[in-house]
Amino acid sequence: MELKDIEVKENFDIKNMTTFKVGGIVKKVYFPANQQEFVFLLKTIKNPIILGGCSNIIFSSQGYDGEVISTIKMDNIMVRGTHVLAECGVKGPMASQSAYNASLSGFEFMIGFPGTIGGNVYMNAGAHGQNISDSFIKACLFDTKSKEVVYIEKDKMDFGYRKSLLQNGKYILLGAEFELKKSSKEDIKALMDRNLEFRKNIQPSLACPNAGSVFKNPENDSAGRLLDKAGVKELCADNVKVWEKHANFIVNTGDATSENVLELIYKMYMTVKETYTIELEPEIRFIGKRNKREEEICKQIYKKTQK
Ligand SMILES: Cc1cc2nc3c(=O)[nH]c(=O)nc-3n(C[C@H](O)[C@H](O)[C@H](O)COP(=O)(O)OP(=O)(O)OC[C@H]3O[C@@H](n4cnc5c(N)ncnc54)[C@H](O)[C@@H]3O)c2cc1C
(Lines give C-alpha, C1' and ligand atoms only; values in the text may rest on other atoms or scores of the structure.)
Protein backbone atom coordinates (compact mmCIF):
# COMPACT_ATOMS: atom_id res chain seq x y z
CA MET A 1 0.00 0.00 0.00
CA GLU A 2 1.10 3.56 -0.66
CA LEU A 3 -0.11 6.90 0.69
CA LYS A 4 -1.46 7.85 -2.73
CA ASP A 5 -3.91 4.90 -2.58
CA ILE A 6 -5.78 6.51 0.33
CA GLU A 7 -8.39 9.24 -0.10
CA VAL A 8 -6.99 12.61 0.88
CA LYS A 9 -8.11 16.22 0.64
CA GLU A 10 -5.46 18.93 0.59
CA ASN A 11 -5.84 22.49 1.93
CA PHE A 12 -9.22 21.40 3.13
CA ASP A 13 -11.57 23.73 5.01
CA ILE A 14 -12.64 21.52 7.91
CA LYS A 15 -15.33 23.89 9.21
CA ASN A 16 -18.26 22.10 7.57
CA MET A 17 -17.20 18.72 8.91
CA THR A 18 -17.65 19.96 12.49
CA THR A 19 -21.02 20.20 14.22
CA PHE A 20 -20.03 23.69 15.48
CA LYS A 21 -19.25 24.88 11.91
CA VAL A 22 -16.04 26.40 13.24
CA GLY A 23 -12.63 25.65 11.76
CA GLY A 24 -9.93 26.52 9.29
CA ILE A 25 -7.73 25.14 6.54
CA VAL A 26 -5.99 21.82 7.17
CA LYS A 27 -2.94 20.89 5.10
CA LYS A 28 -4.12 17.29 4.55
CA VAL A 29 -7.16 15.32 5.68
CA TYR A 30 -7.03 11.56 5.06
CA PHE A 31 -10.16 9.40 4.89
CA PRO A 32 -9.14 5.74 5.38
CA ALA A 33 -11.81 3.33 4.14
CA ASN A 34 -10.88 0.45 6.43
CA GLN A 35 -8.65 -0.65 9.30
CA GLN A 36 -5.79 -1.64 7.01
CA GLU A 37 -5.60 1.87 5.50
CA PHE A 38 -5.99 3.48 8.93
CA VAL A 39 -3.12 1.42 10.40
CA PHE A 40 -0.96 2.18 7.36
CA LEU A 41 -1.55 5.92 7.91
CA LEU A 42 -0.84 5.65 11.63
CA LYS A 43 2.45 3.88 10.89
CA THR A 44 3.42 6.35 8.17
CA ILE A 45 2.36 9.80 9.35
CA LYS A 46 3.98 11.51 12.34
CA ASN A 47 1.53 12.65 15.05
CA PRO A 48 -1.68 13.01 13.04
CA ILE A 49 -4.80 14.44 14.67
CA ILE A 50 -7.58 11.83 14.77
CA LEU A 51 -11.15 13.00 14.29
CA GLY A 52 -14.47 11.16 14.34
CA GLY A 53 -17.80 12.97 14.14
CA CYS A 54 -16.18 16.33 15.09
CA SER A 55 -19.04 16.82 17.56
CA ASN A 56 -16.98 17.56 20.67
CA ILE A 57 -14.42 19.96 19.29
CA ILE A 58 -13.65 23.57 18.56
CA PHE A 59 -11.39 23.38 15.52
CA SER A 60 -9.10 26.40 15.27
CA SER A 61 -9.99 29.03 12.68
CA GLN A 62 -6.22 29.34 12.13
CA GLY A 63 -6.42 25.77 10.82
CA TYR A 64 -3.71 23.17 11.15
CA ASP A 65 -0.50 22.92 9.18
CA GLY A 66 -0.29 19.15 9.45
CA GLU A 67 -2.19 15.92 8.89
CA VAL A 68 -5.63 14.98 10.15
CA ILE A 69 -7.17 11.52 9.83
CA SER A 70 -10.95 11.38 9.70
CA THR A 71 -12.44 7.99 10.63
CA ILE A 72 -15.91 8.66 9.22
CA LYS A 73 -15.58 6.21 6.32
CA MET A 74 -14.78 3.33 8.69
CA ASP A 75 -18.36 2.56 9.52
CA ASN A 76 -18.76 -1.23 9.55
CA ILE A 77 -20.83 -2.72 12.30
CA MET A 78 -21.57 -6.39 12.92
CA VAL A 79 -23.90 -8.13 15.36
CA ARG A 80 -23.08 -11.66 16.57
CA GLY A 81 -25.63 -12.90 19.07
CA THR A 82 -25.55 -10.33 21.87
CA HIS A 83 -22.12 -9.01 20.81
CA VAL A 84 -21.64 -5.93 18.64
CA LEU A 85 -18.37 -5.24 16.81
CA ALA A 86 -18.05 -1.70 15.53
CA GLU A 87 -15.35 0.13 13.62
CA CYS A 88 -14.28 3.43 15.14
CA GLY A 89 -16.11 5.57 12.56
CA VAL A 90 -19.57 4.13 13.18
CA LYS A 91 -21.88 6.95 14.26
CA GLY A 92 -23.75 6.52 17.55
CA PRO A 93 -27.25 6.75 16.00
CA MET A 94 -26.30 4.01 13.52
CA ALA A 95 -25.02 1.80 16.36
CA SER A 96 -28.23 2.48 18.24
CA GLN A 97 -30.33 1.53 15.22
CA SER A 98 -28.31 -1.66 14.55
CA ALA A 99 -28.76 -2.74 18.17
CA TYR A 100 -32.50 -2.07 17.91
CA ASN A 101 -32.71 -4.14 14.69
CA ALA A 102 -31.13 -7.06 16.58
CA SER A 103 -33.38 -6.57 19.66
CA LEU A 104 -30.41 -5.53 21.79
CA SER A 105 -30.57 -2.98 24.57
CA GLY A 106 -27.71 -0.77 25.86
CA PHE A 107 -27.11 1.66 22.98
CA GLU A 108 -30.39 3.62 23.25
CA PHE A 109 -28.53 6.66 24.67
CA MET A 110 -26.48 7.06 21.47
CA ILE A 111 -29.53 7.76 19.31
CA GLY A 112 -29.51 11.48 20.03
CA PHE A 113 -25.97 12.69 19.38
CA PRO A 114 -23.57 12.48 16.44
CA GLY A 115 -20.38 11.06 18.02
CA THR A 116 -18.59 8.08 16.49
CA ILE A 117 -17.64 4.94 18.42
CA GLY A 118 -14.01 6.25 18.51
CA GLY A 119 -15.00 9.65 19.94
CA ASN A 120 -17.56 8.06 22.27
CA VAL A 121 -15.00 5.67 23.74
CA TYR A 122 -12.40 8.47 23.96
CA MET A 123 -14.89 10.60 25.94
CA ASN A 124 -16.71 7.69 27.62
CA ALA A 125 -19.82 9.36 26.27
CA GLY A 126 -23.06 8.87 28.10
CA ALA A 127 -26.59 10.12 28.56
CA HIS A 128 -29.87 9.19 30.22
CA GLY A 129 -28.12 6.90 32.74
CA GLN A 130 -26.20 4.85 30.13
CA ASN A 131 -22.49 5.15 29.24
CA ILE A 132 -20.52 3.53 26.44
CA SER A 133 -18.32 1.85 29.06
CA ASP A 134 -21.33 -0.09 30.47
CA SER A 135 -21.48 -2.58 27.61
CA PHE A 136 -17.81 -2.36 26.59
CA ILE A 137 -15.90 -5.65 26.33
CA LYS A 138 -12.63 -4.88 24.55
CA ALA A 139 -10.89 -2.44 22.26
CA CYS A 140 -8.80 -3.01 19.19
CA LEU A 141 -6.19 -0.25 19.43
CA PHE A 142 -3.17 1.10 17.62
CA ASP A 143 -0.29 1.59 20.05
CA THR A 144 1.50 4.74 18.87
CA LYS A 145 4.68 3.80 20.77
CA SER A 146 5.18 0.21 19.60
CA LYS A 147 3.31 0.84 16.29
CA GLU A 148 1.46 -2.44 16.84
CA VAL A 149 -2.24 -3.34 16.90
CA VAL A 150 -3.17 -4.47 20.42
CA TYR A 151 -6.32 -5.61 22.21
CA ILE A 152 -7.24 -4.17 25.60
CA GLU A 153 -10.10 -5.32 27.82
CA LYS A 154 -12.48 -3.06 29.69
CA ASP A 155 -10.73 -3.24 33.08
CA LYS A 156 -7.59 -1.66 31.54
CA MET A 157 -9.50 1.13 29.76
CA ASP A 158 -9.44 3.49 32.77
CA PHE A 159 -13.06 4.52 32.22
CA GLY A 160 -14.45 7.30 34.41
CA TYR A 161 -16.82 10.21 33.96
CA ARG A 162 -16.00 11.51 30.42
CA LYS A 163 -12.65 9.80 30.77
CA SER A 164 -10.84 6.84 29.20
CA LEU A 165 -7.38 5.47 28.60
CA LEU A 166 -7.43 6.97 25.08
CA GLN A 167 -7.02 10.46 26.55
CA ASN A 168 -3.38 9.79 27.46
CA GLY A 169 -2.65 9.87 23.71
CA LYS A 170 -0.82 6.54 23.51
CA TYR A 171 -3.62 4.60 21.84
CA ILE A 172 -5.94 5.16 18.87
CA LEU A 173 -9.17 3.19 18.74
CA LEU A 174 -9.59 1.09 15.60
CA GLY A 175 -12.71 -0.78 16.70
CA ALA A 176 -14.49 -2.08 19.77
CA GLU A 177 -16.59 -5.00 20.95
CA PHE A 178 -19.64 -4.62 23.16
CA GLU A 179 -22.04 -6.99 24.83
CA LEU A 180 -25.64 -5.83 24.96
CA LYS A 181 -28.75 -7.32 26.56
CA LYS A 182 -31.63 -9.02 24.76
CA SER A 183 -34.81 -6.99 25.03
CA SER A 184 -38.03 -6.42 23.14
CA LYS A 185 -37.93 -4.09 20.15
CA GLU A 186 -40.93 -2.31 21.60
CA ASP A 187 -39.10 -1.44 24.84
CA ILE A 188 -35.91 -0.42 23.00
CA LYS A 189 -37.87 1.83 20.63
CA ALA A 190 -39.78 3.41 23.50
CA LEU A 191 -36.50 4.29 25.26
CA MET A 192 -34.93 5.67 22.07
CA ASP A 193 -38.02 7.81 21.43
CA ARG A 194 -38.02 9.05 25.02
CA ASN A 195 -34.35 10.02 24.75
CA LEU A 196 -34.95 11.90 21.49
CA GLU A 197 -37.99 13.67 22.91
CA PHE A 198 -36.06 14.77 25.99
CA ARG A 199 -33.33 16.33 23.81
CA LYS A 200 -35.80 18.05 21.51
CA ASN A 201 -37.16 19.98 24.44
CA ILE A 202 -33.93 21.22 26.00
CA GLN A 203 -31.01 20.95 23.59
CA PRO A 204 -30.32 22.80 20.34
CA SER A 205 -30.66 20.68 17.19
CA LEU A 206 -27.72 20.58 14.80
CA ALA A 207 -29.53 23.19 12.69
CA CYS A 208 -28.16 25.55 15.37
CA PRO A 209 -24.48 24.54 15.14
CA ASN A 210 -23.12 23.42 18.54
CA ALA A 211 -20.81 20.83 20.08
CA GLY A 212 -22.91 19.49 22.93
CA SER A 213 -22.23 20.31 26.58
CA VAL A 214 -19.54 22.93 27.01
CA PHE A 215 -18.46 21.94 30.53
CA LYS A 216 -18.32 18.65 32.42
CA ASN A 217 -20.43 18.32 35.53
CA PRO A 218 -18.42 18.95 38.70
CA GLU A 219 -18.64 16.18 41.31
CA ASN A 220 -22.14 15.88 42.79
CA ASP A 221 -23.44 18.87 40.84
CA SER A 222 -24.59 19.88 37.38
CA ALA A 223 -22.67 22.38 35.25
CA GLY A 224 -25.96 23.43 33.60
CA ARG A 225 -27.52 24.21 37.00
CA LEU A 226 -24.52 26.28 38.17
CA LEU A 227 -24.28 28.16 34.87
CA ASP A 228 -28.00 28.87 34.87
CA LYS A 229 -28.04 30.12 38.48
CA ALA A 230 -25.01 32.30 37.77
CA GLY A 231 -27.01 33.95 34.97
CA VAL A 232 -24.95 32.99 31.91
CA LYS A 233 -27.99 32.63 29.63
CA GLU A 234 -27.66 36.37 29.07
CA LEU A 235 -24.13 36.01 27.76
CA CYS A 236 -22.93 36.18 24.18
CA ALA A 237 -19.83 37.08 22.14
CA ASP A 238 -19.46 37.88 18.44
CA ASN A 239 -21.43 35.27 16.42
CA VAL A 240 -22.05 33.00 19.43
CA LYS A 241 -24.49 32.90 22.30
CA VAL A 242 -25.51 30.70 25.20
CA TRP A 243 -28.53 28.56 24.22
CA GLU A 244 -31.63 30.04 25.84
CA LYS A 245 -33.07 26.67 26.94
CA HIS A 246 -29.88 25.20 28.39
CA ALA A 247 -27.04 27.21 29.94
CA ASN A 248 -24.39 24.56 29.20
CA PHE A 249 -24.76 24.86 25.41
CA ILE A 250 -23.30 27.47 23.05
CA VAL A 251 -24.64 27.96 19.55
CA ASN A 252 -22.90 29.46 16.54
CA THR A 253 -25.29 32.14 15.35
CA GLY A 254 -23.32 33.32 12.35
CA ASP A 255 -19.86 32.68 11.10
CA ALA A 256 -18.18 32.23 14.46
CA THR A 257 -14.42 31.85 14.77
CA SER A 258 -12.72 29.64 17.31
CA GLU A 259 -11.71 32.81 19.17
CA ASN A 260 -15.37 33.94 19.37
CA VAL A 261 -16.28 30.55 20.91
CA LEU A 262 -13.41 30.63 23.40
CA GLU A 263 -14.26 34.21 24.46
CA LEU A 264 -17.78 33.09 25.37
CA ILE A 265 -16.57 29.94 27.14
CA TYR A 266 -14.18 32.14 29.11
CA LYS A 267 -17.01 34.50 30.15
CA MET A 268 -19.09 31.50 31.30
CA TYR A 269 -16.13 30.01 33.15
CA MET A 270 -15.33 33.31 34.91
CA THR A 271 -18.98 33.94 35.83
CA VAL A 272 -19.22 30.59 37.63
CA LYS A 273 -15.79 31.04 39.20
CA GLU A 274 -16.67 34.48 40.57
CA THR A 275 -20.13 33.38 41.78
CA TYR A 276 -19.32 30.00 43.30
CA THR A 277 -15.48 29.80 43.38
CA ILE A 278 -15.88 26.67 41.25
CA GLU A 279 -13.63 26.25 38.23
CA LEU A 280 -15.59 24.29 35.64
CA GLU A 281 -13.70 21.97 33.32
CA PRO A 282 -14.52 22.15 29.59
CA GLU A 283 -15.84 18.95 28.01
CA ILE A 284 -15.29 20.37 24.50
CA ARG A 285 -11.73 20.01 23.23
CA PHE A 286 -9.75 22.64 21.32
CA ILE A 287 -7.91 21.33 18.26
CA GLY A 288 -5.35 23.03 15.99
CA LYS A 289 -3.17 26.14 16.02
CA ARG A 290 -3.98 28.78 18.67
CA ASN A 291 -3.59 32.54 18.25
CA LYS A 292 -2.27 34.64 21.17
CA ARG A 293 -5.67 35.30 22.75
CA GLU A 294 -6.72 31.65 22.34
CA GLU A 295 -3.49 30.55 24.00
CA GLU A 296 -4.23 32.83 26.99
CA ILE A 297 -7.78 31.50 27.37
CA CYS A 298 -6.83 27.83 26.87
CA LYS A 299 -4.12 28.12 29.50
CA GLN A 300 -6.75 29.21 32.01
CA ILE A 301 -9.73 27.01 31.19
CA TYR A 302 -7.90 23.81 30.26
CA LYS A 303 -5.43 23.94 33.11
CA LYS A 304 -6.82 20.73 34.64
CA THR A 305 -7.05 18.73 31.41
CA GLN A 306 -5.72 19.60 27.95
CA LYS A 307 -2.49 21.63 27.82
C1 LIG B 1 -26.14 18.08 19.85
C2 LIG B 1 -25.10 17.32 20.62
C3 LIG B 1 -25.49 16.56 21.73
C4 LIG B 1 -24.52 15.86 22.47
N5 LIG B 1 -24.92 15.12 23.53
C6 LIG B 1 -24.01 14.37 24.20
C7 LIG B 1 -24.41 13.52 25.28
O8 LIG B 1 -25.58 13.42 25.61
N9 LIG B 1 -23.46 12.82 25.92
C10 LIG B 1 -22.13 12.89 25.58
O11 LIG B 1 -21.31 12.20 26.21
N12 LIG B 1 -21.72 13.70 24.57
C13 LIG B 1 -22.61 14.43 23.88
N14 LIG B 1 -22.21 15.24 22.85
C15 LIG B 1 -20.77 15.43 22.60
C16 LIG B 1 -20.13 14.49 21.56
O17 LIG B 1 -21.06 13.99 20.63
C18 LIG B 1 -19.42 13.34 22.28
O19 LIG B 1 -18.37 13.84 23.09
C20 LIG B 1 -18.81 12.32 21.32
O21 LIG B 1 -18.30 11.26 22.08
C22 LIG B 1 -17.69 12.87 20.44
O23 LIG B 1 -17.47 11.93 19.41
P24 LIG B 1 -16.88 12.37 17.99
O25 LIG B 1 -16.74 11.15 17.17
O26 LIG B 1 -17.66 13.47 17.42
O27 LIG B 1 -15.44 12.86 18.45
P28 LIG B 1 -14.62 14.11 17.89
O29 LIG B 1 -15.33 15.38 18.29
O30 LIG B 1 -14.30 13.91 16.46
O31 LIG B 1 -13.31 13.96 18.76
C32 LIG B 1 -13.34 14.08 20.16
C33 LIG B 1 -12.03 13.55 20.72
O34 LIG B 1 -11.97 12.13 20.48
C35 LIG B 1 -10.75 11.80 19.83
N36 LIG B 1 -11.01 10.65 18.93
C37 LIG B 1 -11.99 10.54 18.00
N38 LIG B 1 -11.91 9.32 17.41
C39 LIG B 1 -10.88 8.67 17.97
C40 LIG B 1 -10.30 7.38 17.78
N41 LIG B 1 -10.75 6.50 16.87
N42 LIG B 1 -9.24 7.02 18.57
C43 LIG B 1 -8.74 7.89 19.48
N44 LIG B 1 -9.24 9.13 19.69
C45 LIG B 1 -10.30 9.51 18.95
C46 LIG B 1 -10.36 13.06 19.07
O47 LIG B 1 -8.96 13.09 18.79
C48 LIG B 1 -10.80 14.16 20.03
O49 LIG B 1 -9.81 14.43 20.99
C50 LIG B 1 -23.15 15.94 22.08
C51 LIG B 1 -22.77 16.70 20.96
C52 LIG B 1 -23.74 17.37 20.23
C53 LIG B 1 -23.30 18.17 19.03
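Things to note:
- Any hit, region 102-112, residues being closer than 20 Å to residue 20 by Cα, within 13 Å of the ligand (Cβ to nearest atom) and at pLDDT below 95: yes
- Within region 57-73, considering residues that are under 15 Å from the mean Cα position of the chain (by Cα) and part of a strand (DSSP E or B), the one surrounded by the fewest Cβ atoms within 10 Å (Cβ to Cβ): 69
- Filter pass, residue 84 being surrounded by 24 or more Cβ atoms within 10 Å (Cβ to Cβ), in contact (Cβ under 8 Å) with a residue 60 or more places away in the chain, more than 7 Å from the ligand (Cβ to nearest atom) and in the same structural domain as residue 161 (by TED's automatic domain parsing): yes
- Residue selected from region 170-195 under the condition more than 19 Å from residue 132 (Cβ to Cβ) and in a loop (DSSP other than H, G, I, E, B), by the criterion farthest from the ligand (Cβ to nearest atom): 184
- Residues satisfying the stated conditions in region 196-207, i.e. more than 9 Å from the ligand (Cβ to nearest atom) and either farther than 13 Å from residue 244 by Cα or not polar (S, T, N, Q) (or both): 196, 197, 198, 200, 202, 207
- Subset tally (residues that are more than 16 Å from residue 137 (Cβ to Cβ) and touching a residue at least 40 places away in the same chain (Cβ under 8 Å)) for region 167-181: 2
- So residue 20, is it among the aromatic types (Phe, Trp, Tyr), assigned to a helix (DSSP H, G or I) and near the ligand (Cβ under 9 Å from one of its atoms): no
- Index of the failed condition, residue 293 passing every other in (1) surrounded by 14 or more Cβ atoms within 10 Å (Cβ to Cβ); (2) basic (Lys, Arg); (3) modelled with pLDDT of 95 or more: (1)
- In the set (1) out of contact with any strand residue (DSSP E or B) (no Cβ under 9 Å at 6 or more places or on another chain); (2) in contact (Cβ under 8 Å) with a residue 60 or more places away in the chain; (3) not in a loop (DSSP other than H, G, I, E, B), the condition left unmet by residue 199 is number (1).
- Residue count for region 152-169 under the criterion of being among the acidic types (Asp, Glu) and part of a helix (DSSP H, G or I): the result is 1.
- Those helices (runs of 4 or more DSSP H) of region 203-307 in which at least 3 residues are hydroxyl-bearing (Ser, Thr, Tyr), considering only elements entirely within it, cover 258-276.
- Some residue of region 94-112 being under 30 Å from residue 294 (Cβ atoms), buried (at least 24 other Cβ atoms within 10 Å of the Cβ) and within 13 Å of the chain's Cα centre (by Cα): no
- Number of residues in region 204-218 that are at pLDDT below 95 and either assigned by TED's automatic domain parsing to the domain that holds residue 243 or small (Gly, Ala, Ser) (or both): the value is 2.
The values are calculated or read from the model by the stated rules, or taken from the named source; none is laboratory data. None of the values given here were measured: they were computed from a predicted structure. Positions of Cβ are generated from backbone atoms using ideal geometry, with glycine treated the same way; all protein chains shown enter the neighbour counts.
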